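The values are calculated or read from the model by the stated rules, or taken from the named source; none is laboratory data. The model shown is predicted, which means the values in this text are computed figures rather than measured ones. Quick reminder, even Gly has a Cβ in these numbers, built from the backbone with ideal geometry, and neighbours come from all protein chains shown.
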């Protein structure tokens with residue numbers, strides 16, 4: 001049941017109102033979500049811990 005954790009995460013994001021925040025950040029950087037996630041997670045990136053968590057989540061969801 002690999003999809004259960006995704007459903008829980010989406011529910012939590014809806015409650016917080018953060019759905020699409022990482023995608024918006026990627027669009028502002030004029031990059032695809034995948035490319036932006038790779039950039040944020042790259043060693044030496046100065047992105048915040050919160051943004052790195054969002055990038056990791058985006059990369060994990062893309063794999064499913």
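Looking at residue 6 and the list (1) at pLDDT 80 or above; (2) assigned to a helix (DSSP H, G or I), which single condition is not satisfied?
Checking residue 6 against (1) at pLDDT 80 or above; (2) assigned to a helix (DSSP H, G or I), the one that fails is (1).
Answer yes or no as to whether residue 13 is part of a helix (DSSP H, G or I), surrounded by 15 or more Cβ atoms within 10 Å (Cβ to Cβ) and either more than 11 Å from the chain's Cα centre (by Cα) or modelled with pLDDT under 85 (or both). Reasoning before the result, please.
Numbers: part of a helix (DSSP H, G or I): yes; surrounded by 15 or more Cβ atoms within 10 Å (Cβ to Cβ): yes; either more than 11 Å from the chain's Cα centre (by Cα) or modelled with pLDDT under 85 (or both): yes.
Spelling it out, residue 13 is indeed part of a helix (DSSP H, G or I), surrounded by 15 or more Cβ atoms within 10 Å (Cβ to Cβ) and either more than 11 Å from the chain's Cα centre (by Cα) or modelled with pLDDT under 85 (or both).
Conditions tested, residue by residue: (1) touching a strand residue (DSSP E or B) at 6+ places or on another chain (Cβ under 6 Å); (2) modelled with pLDDT of 90 or more; (3) part of a helix (DSSP H, G or I).
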site	(1), (2), (3)
31	no, yes, no
37	no, yes, yes
46	no, yes, no
56	no, yes, yes
60	no, no, yes
